[in-house]
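A.B. asks: After the structure tokens below, expect a handful of questions from me.
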Number of protein chains: 6
Amino acid sequence: MRILVVNPNTTASMTEKIGQAARAVAAPGTEIIALDPDHGPVSVEGHYDGAFCLPGLLQCVRRGEAEGFDGFVVACFDDPGIGACREVASGPVVGICEAAMVAAAMLGNSFSVVTTLPRSIPVIEELAHRYGMERRLRRVRAAAIPVLDLEEESAAAAAKVQTEVERAIAEDRAEVVILGCAGMADLAASLSQRTGVPVIDGVGAAVKLVEALVGLGLRTSKVGGYATPLPKRYAGDLARHAFGSHDRN
Amino acid sequence: MRILVVNPNTTASMTEKIGQAARAVAAPGTEIIALDPDHGPVSVEGHYDGAFCLPGLLQCVRRGEAEGFDGFVVACFDDPGIGACREVASGPVVGICEAAMVAAAMLGNSFSVVTTLPRSIPVIEELAHRYGMERRLRRVRAAAIPVLDLEEESAAAAAKVQTEVERAIAEDRAEVVILGCAGMADLAASLSQRTGVPVIDGVGAAVKLVEALVGLGLRTSKVGGYATPLPKRYAGDLARHAFGSHDRN
Amino acid sequence: MRILVVNPNTTASMTEKIGQAARAVAAPGTEIIALDPDHGPVSVEGHYDGAFCLPGLLQCVRRGEAEGFDGFVVACFDDPGIGACREVASGPVVGICEAAMVAAAMLGNSFSVVTTLPRSIPVIEELAHRYGMERRLRRVRAAAIPVLDLEEESAAAAAKVQTEVERAIAEDRAEVVILGCAGMADLAASLSQRTGVPVIDGVGAAVKLVEALVGLGLRTSKVGGYATPLPKRYAGDLARHAFGSHDRN
Amino acid sequence: MRILVVNPNTTASMTEKIGQAARAVAAPGTEIIALDPDHGPVSVEGHYDGAFCLPGLLQCVRRGEAEGFDGFVVACFDDPGIGACREVASGPVVGICEAAMVAAAMLGNSFSVVTTLPRSIPVIEELAHRYGMERRLRRVRAAAIPVLDLEEESAAAAAKVQTEVERAIAEDRAEVVILGCAGMADLAASLSQRTGVPVIDGVGAAVKLVEALVGLGLRTSKVGGYATPLPKRYAGDLARHAFGSHDRN
Amino acid sequence: MRILVVNPNTTASMTEKIGQAARAVAAPGTEIIALDPDHGPVSVEGHYDGAFCLPGLLQCVRRGEAEGFDGFVVACFDDPGIGACREVASGPVVGICEAAMVAAAMLGNSFSVVTTLPRSIPVIEELAHRYGMERRLRRVRAAAIPVLDLEEESAAAAAKVQTEVERAIAEDRAEVVILGCAGMADLAASLSQRTGVPVIDGVGAAVKLVEALVGLGLRTSKVGGYATPLPKRYAGDLARHAFGSHDRN
Amino acid sequence: MRILVVNPNTTASMTEKIGQAARAVAAPGTEIIALDPDHGPVSVEGHYDGAFCLPGLLQCVRRGEAEGFDGFVVACFDDPGIGACREVASGPVVGICEAAMVAAAMLGNSFSVVTTLPRSIPVIEELAHRYGMERRLRRVRAAAIPVLDLEEESAAAAAKVQTEVERAIAEDRAEVVILGCAGMADLAASLSQRTGVPVIDGVGAAVKLVEALVGLGLRTSKVGGYATPLPKRYAGDLARHAFGSHDRN
């Protein structure tokens, strides 16, 4: 099985880390390719960045689809463009926020999320609402670190993440804690061990859920909202992204 | 007051119609500029198109912001990129789906939506859920017409829309009907008259809501999820969209 | 366009203030008439007062309807009698709580409400639930001031309101704050300016929403729950309020 | 124990029927007084009537409170004025819609409601939402009979009610059926017997719930939204309804 | 009327206390039999205990059904096995959590629950969600006392319960407080008196609700999810619990 | 990795089929042991059966835990005893209903469930509500076949299942269909193929989700509602199920 893990931002060191996290949990027969687009934001912090990661993300997924990848992970905790990815993919597409919440809900009655910046809090609250998880979500906590700090000065950043994880357990009475940024993927295992509480990284969770769905022989439903895009003209410098008749299945 | 109405697709005839609908309801002192991007899909039918309308849409809104527009309407019923637009705009940004649902909820206890293609049904159901309107939404009905058919063969398309509007009233017991595509903007008034039931066009509704918010002196909140984008580098051919230090306010 | 703004209590100074707030935001072509009933409670604080403001409120709206007013604002934050007003009005009827919440939801992801007395908290929580806004409502805060204190000793009362607005921003992480009493209408603009966060007065918001709906040519739906009252006899000293055959439309 | 059952409309024959239904289920030690106001609508069909039944309803409850009644039933399926009644009553106040839904939820997993006119459907749907019962509510069905027809030509009206009850069981798969009008109180027992499915009359249900709460020694909470009304002046011909200092407890 | 109150644990002193609480509120004509099973856990603290109280509980209810009891109370705040009990009972079956929440919702706008151990908090939160009461539930508080401590060292345990009740009123702004364990049944009345706020014991509440439903002549619906169990073989040492053909009605 | 798949009923042929379905999807390194208890109902149809499958189910899980199984599947679509199983297991425990719904939600926007008997419909609706999936659940359809018919006369039963699957796609507009009984596990693949729509078997889905969670190194959270049972005495013939001091971890 081949899974394409797309980091929707263009920071290679983060893609590297994401790839490692993905490979660390992948089953023996699973090949992980971690990719980032050649255009777009160096990090996704808010809706505007989220919008501009989509062309690169979708280009990656379409290439993966053409190359016959079995499934796809979108490795950004805002779950950007999941619906669009599902339209162009035959196999399953899983976002890391949805994956982490689904895993958390099977391990405990409630969870908190520790994310990077306060501006991401409402985004994640809205995803919880969309996924039917608002009842289980105790609180979204921001560690107040820019995404790329997780790449550079990881000691300080990691300490801030740990502090919020511990407060989630003590103050929110969360039974599970989710790390709300793909850039935190390397911290989950040690935080689980240190706290004795399940601390979930969405990248790993999403890889395993894609493996699960592919292993079940299931593919994205094409009879409703995730039907293959209709062929049509895209104007201007987005023309090359248009879905043509050769894409139809 | 100057309101920028962005048609996120690149079909000029539709932008024209949207502009007319906007101007038809605008207050005397309101100047309406209707715009479409120079790149992107000719129509938005599903998530993939929705993703690729964003660069053009956001470019339009950023230009509008630079030119001092007071408020913005996003004239596509999927309400694409509203959060991102709100991050870059000082003034209010209103999507036509949210606007239509808000208007409907003040005129009746329930509403149905008549949209174009079946693939849009789950998108609109999810928007209703996001806006807290699922209790009032009786049903989303697809007239089974591609968006651009509303441009070309309007008689046949209009008849299909009318049939679904009438079924919404008779079968769904909807007290209000919403037209779920900017391309239907010209049909609302005559359908209201014919059926005796309020039939709402989102373009007009959004223009009036922007007028209302601007008239109240209110601007988009910048202390949370709609804070101004952080300046950062965008790689590749999206580099020109990056939010730079000169954009900060 | 003529809009009737009914203050459902009988305190003339408050009606005066409400009228000023309404006129301050009304469009050039809009004529605002602010009215209070000649019978009923001097302030609405709780359900009992809310019940007894209805005869006067409805009498005002019926007179307004007879005189051809285009739309109606009910200027009490408990949104009393909205359904009944919608039954007797042809044009739109908007309550100030619903209006403020609708406006807030387009400017931020969350809001808190600052009201007068603690006894009003559950009333407003229930309205948020009814309007599908409970997910956005962070908290209802009581400034612990009787409604009429807002008329008499405004400095002290205004200071208490300001304190709660600031706590809503700091403690509730609300992106928008709503003033939960028509008597606070004069405080919104200065509080917006002082805090840098949108602070919404429902009176202004409702006036602009009525303008919007009237400007769209939309009227209250008469095919369901807001159908015109059935003509029937009312016994005793309420007989004059009965809906007679001459009222039918 | 003395329970005051207030029929909020002024039709004596209906009060008679309600009183009989109440007495038919009351415990041996319970004294039922069924009352209707001397002013107000002859039937409550919609919000406008609902508003004008309140002065009479509240006058009855206040008199009952002064005379030391232990609890109160509001015998109109729209549950009008419950919050206001709870403010003025020391003992429990139960509305017949809430009572019927509570009873239904303990006897089956789902229920439908059969009411009189279509205009009442959204009112009852909103009550179900308020009471947390929307998940159990299969459908509100209107038998298309004016309330007072239940008084006059009961055979025809009863047949229509029966038809809708049977459709609720067969088509809605409702496990319980609720009769959605106090005027149907006499039909519940025979419909239960005929269909083999619990058919609930709200009047009886409310009487038994008041008995239950009084029997538990519980009274309406006075520390929040149902606190005793504040003494204040009521202007004009509602002055006599004002809550004065002599009412305080 | 004869009501069987089953304490699903096997601690006789607690059954005694439950029986007293039940008899203290029962109507003159009501005979209360309080029973505990001869097998199963001495207290129910968590899901595992909850599972193993079911055989005994159901055996008791089936015996009660065979002996013609009119209704049943399940006297454990986790409401274990309510659905199963309803399948085997003709008369109404009420759990003490549901009963307490239903009573609370008619006396105030909100409530908090004071339970024994923190592990019970998610169980009760889920019950509130199931019963449509999550909007009214302010908080579940654990007094941090094992269930059986309520039997032995009641002074210390009662003090802890009282502390949490007072915090529920002061900190949660709960209008009503529910005691979340059958073993606290004896504390409700004095806490109501001391705090001036309704404090509800679920045992009493359930008894009165069963009396209410039986008094209405209503029985559990047998046309859906609570239909009589199908006769079938049970293997091994549970064989005697199998529902046989002689049980059918 | 070793996964224990417990069929909570005692029908060996069904356990056989479940084991085959589990092994068919298990990863190479996964060892599946399918087990049924030596006591309890031959099929689970309703709450009463569901209660009596618990002692056997929990005994199996406790044995599995003692033998060091890494994770557990509860192979009955009512998800009986999941909370209790999670208390006694260190590794993850997944029910087949939750697993199927989680998988469905990542492959489509909506799903319907095809189950055996009508009496199971409310059980599954309630599970959807508990899991936050009610918005995606279009309808639960009963094929009107007893569980054990799926064992004996599979051709006729399979035809009935197929009919309902096809109606779910055509009439409910479900994008995914879930088979709502472990006894249907063998039908999913061929129905997926025949309809072109993902048809999900919960047994396979649960096995893959357990593999996923175990592969992530995650275990059930022990700090809240799934904490290890407290040691205590169980009376009578359930004594051997008591959680003793030797079980503590």
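The values are calculated or read from the model by the stated rules, or taken from the named source; none is laboratory data. Not measured: the values here are computed from a predicted model. Positions of Cβ are generated from backbone atoms using ideal geometry, with glycine treated the same way; all protein chains shown enter the neighbour counts. Side chains are part of the model used for accessible areas, which takes the heavy atoms of the whole protein and leaves out ligands, DNA and RNA. Shrake-Rupley method; radii C 1.70, N 1.55, O 1.52, S 1.80 Å.
A.B. asks: Which distances, shortest first and in nm, link B:ALA155 to the matching position in the other copies, using label points set 7 Å out along Cα to C-beta?
C.D. replies: Here the equivalent label points are 5.7, 5.7, 7.5, 7.9, 9.5 nm apart from this one.
A.B. asks: Which of C:ASP237, C:ASP36, C:ASP70 ends up with the largest GNM mean-square fluctuation for chain C, with Cα atoms connected below 10 Å?
C.D. replies: C:ASP237
A.B. asks: Just report the Cα centroid separation between segment B:215-246 and segment E:87-151, whole Å.
C.D. replies: With segment B:215-246 and segment E:87-151 each reduced to a Cα centre, they are spaced 47 Å.
A.B. asks: May I ask for the Kirkwood hydrodynamic radius of segment E:92-203, worked out over all distinct Cα pairs and given in angstroms to one decimal?
C.D. replies: It is 13.5 Å.
A.B. asks: How much accessible area is lost when chains A and B come together, counting both sides, with a 1.4 Å probe, in Å² rounded to the nearest 100?
C.D. replies: 3900
A.B. asks: Ordering A:GLU211, B:GLU171 by accessible area with a probe of 1.4 Å, largest first, what comes out?
C.D. replies: The ranking, largest first, comes out as B:GLU171, A:GLU211.
A.B. asks: Let me ask something else. Kindly sort D:MET184, A:MET1 by accessible area of their heavy atoms, largest first, with the probe set to 1.4 Å.
C.D. replies: So the residues, ranked largest to smallest area, are A:MET1, D:MET184.
A.B. asks: Let me ask another. Report the label-to-label distance for D:SER190 and D:ALA156 in nanometres (one decimal), using points 7 Å from each Cα along the Cα→Cβ vector.
C.D. replies: Result for the modelled spin labels: 1.7 nm.
A.B. asks: Now for a different question. Amide H neighbours of C:ILE200 under 5 Å, counting only residues 5+ apart in sequence or on other chains, H built in-plane at 1.01 Å?
C.D. replies: The list, which skips near neighbours in sequence, is C:VAL177, C:ILE178, C:LEU179.
A.B. asks: How shielded is E:81-94 by partner chains, expressed as the average number of their Cβ atoms within 10 Å of its Cβ atoms?
C.D. replies: Other-chain Cβ atoms within 10 Å of each residue's Cβ, averaged: 4.
A.B. asks: Okay, next question. Quick one: pull the percentage of alpha-carbon pairs in segment A:159-219 with a separation above 19 Å.
C.D. replies: For segment A:159-219, the share of Cα pairs beyond 19 Å comes to 36 percent.
A.B. asks: For chain A, what is the mean residue ellipticity at 222 nm derived from helices alone (per DSSP H run of n ≥ 4: -39500 (n - 2.57); sum divided by total residues; nearest 500 deg cm²/dmol)? Display every interim value, and only then the final one.
C.D. replies: Working: 10 runs with 103 residues, N = 249.
Dividing the helical sum by the residues of chain A leaves -12500 deg cm²/dmol.
A.B. asks: In addition: If I take the Cα coordinates of the protein assembly as shown and project them onto the principal axes, what are the three extents in Å, biggest first?
C.D. replies: The Cα atoms of the protein assembly as shown stretch 84, 82, 59 Å along their principal axes.
A.B. asks: Separate question: Using a label point 7 Å beyond Cα on the Cα-Cβ vector, give me the inter-copy distances for D:ALA12 in nanometres, one decimal, shortest first.
C.D. replies: Computed spacing set for this position: 4.3, 6.3, 7.9, 7.9, 9.5 nm.
A.B. asks: On to the next question. As a test of reading the structure, rank E:GLU126, A:GLU16 by solvent-accessible area (1.4 Å probe, protein chains only), most first. Mind dumping the intermediate values first?
C.D. replies: Values: E:GLU126 45, A:GLU16 105 Å².
Correct descending sequence by accessible area is A:GLU16, E:GLU126.
A.B. asks: Sticking with this one: Need one value: the accessible area of B:HIS129 in square angstrom, 1.4 angstrom probe, rounded to the nearest 10.
C.D. replies: Taking all protein chains as shown, B:HIS129 has close to 20 Å².
A.B. asks: Here's something else I'd like to know. What distance in nm separates the two pseudo spin-label positions at B:ALA144 and E:THR163, each 7 Å out from Cα along the beta-carbon direction?
C.D. replies: So the two model labels end up 6.9 nm from each other.
A.B. asks: How big is the accessible area of A:ARG23 in square angstrom, nearest 10, if you roll a 1.4 angstrom probe over the protein chains?
C.D. replies: 120
A.B. asks: Going by amide H atoms built from the backbone, whose H comes under 5 Å of the H on C:GLU45, apart from near neighbours?
C.D. replies: C:GLY50
A.B. asks: Which value results when the Cα radius of gyration for segment C:84-136 is divided by 2.2 N^0.38 Å?
C.D. replies: Here the answer is 1.26, to two decimals.
A.B. asks: Ignoring ligands and nucleic acids, what accessible area does B:GLU125 show with a 1.4 Å probe (Å², nearest 10)?
C.D. replies: That residue has around 50 Å² of solvent-accessible surface.
A.B. asks: Classify segment B:117-170 as rounded, prolate or oblate from the Cα gyration tensor: take a ≥ b ≥ c as the square roots of its eigenvalues, call it rounded if a/c is under 1.5, otherwise prolate when a/b beats b/c and oblate if not.
C.D. replies: Taking the square roots of the gyration eigenvalues as a ≥ b ≥ c, segment B:117-170 is oblate.
A.B. asks: Could you name every residue in segment A:107-123 that has 30 Å² or more less accessible surface in the full protein assembly than in its own chain alone (probe 1.4 Å, ligands and nucleic acids excluded)?
C.D. replies: Buried by 30 Å² or more upon assembly, which counts only protein chains, are A:LEU107, A:ASN109, A:ARG119, A:PRO122.
A.B. asks: If you rotate chain C onto chain B, whose Cβ in C ends up lying nearest the axis, and how many Å away is it?
C.D. replies: Here the nearest residue and distance are C:GLY132, 1.
A.B. asks: I need the semi-axes of the equivalent ellipsoid of chain B: take the C-alpha gyration tensor, multiply each eigenvalue by 5, square-root it, list largest first in whole angstrom.
C.D. replies: The three semi-axes for chain B are 30, 19, 17 Å.
A.B. asks: Next question, about the same structure. For A:ALA34, enumerate residues with amide H under 5 Å from its amide H, sequence gap 5+ or separate chain, H modeled in the peptide plane.
C.D. replies: A:VAL5
A.B. asks: Got a sec to turn the phi values of segment A:7-14 into Karplus ³J(HN,Hα) couplings, 6.51 cos²θ - 1.76 cosθ + 1.60 with θ = phi - 60°, whole Hz, x for Gly and Pro?
C.D. replies: Each residue of segment A:7-14 in turn: 7, x, 9, 10, 8, 5, 5, 6 Hz.
A.B. asks: I need the phi-derived Karplus couplings for segment E:192-209: 6.51 cos²θ - 1.76 cosθ + 1.60, θ = phi - 60°, integer Hz, Gly and Pro marked x.
C.D. replies: Those phi angles translate into 4, 5, 5, 9, x, 10, x, 10, 10, 9, x, 4, x, 4, 5, 4, 5, 6 Hz.
A.B. asks: I would also like to ask the following. Starting from one equal scatterer on each C-alpha and no solvent at all, send me the Debye-based log10 I(q)/I(0) for segment F:1-96 at q = 0.13, 0.15, 0.17, 0.18 Å⁻¹, two decimals.
C.D. replies: Each listed q maps to, in turn, -0.37, -0.49, -0.64, -0.72.
A.B. asks: Okay, next question. Which ³J(HN,Hα) values in Hz, rounded to whole numbers, follow from the phi angles of segment D:129-138 under the Karplus curve 6.51 cos²θ - 1.76 cosθ + 1.60, where θ = phi - 60° and Gly and Pro get x?
C.D. replies: Taking θ as phi minus 60°, the curve returns 5, 5, 8, x, 10, 5, 5, 8, 6, 6 Hz for segment D:129-138.
A.B. asks: How crowded by other chains is F:163-175, given as the mean number of beta carbons from other chains within 10 Å of each beta carbon?
C.D. replies: Partner-chain Cβ atoms within 10 Å, mean over residues of F:163-175: 2.
A.B. asks: Assume the label is 7 Å from Cα along Cα to beta carbon: what separations in nm does D:GLU134 have to the matching positions in the other copies?
C.D. replies: Counterpart label points of D:GLU134 in the remaining copies fall at 0.9, 0.9, 0.9, 1.1, 1.3 nm.
A.B. asks: Related question: How long are the three semi-axes of the equivalent ellipsoid for segment B:51-105, computed from the Cα gyration tensor as the root of 5 times each eigenvalue, in whole Å, largest first?
C.D. replies: They are 19, 14, 8 Å, listed from largest to smallest.
A.B. asks: I've got another one for you. Leaving out ligands, DNA and RNA, and with a 1.4 Å probe, what % of the accessible surface on chain F is carbon or sulfur?
C.D. replies: Ligands and nucleic acids excluded, carbon and sulfur reach 50 percent.
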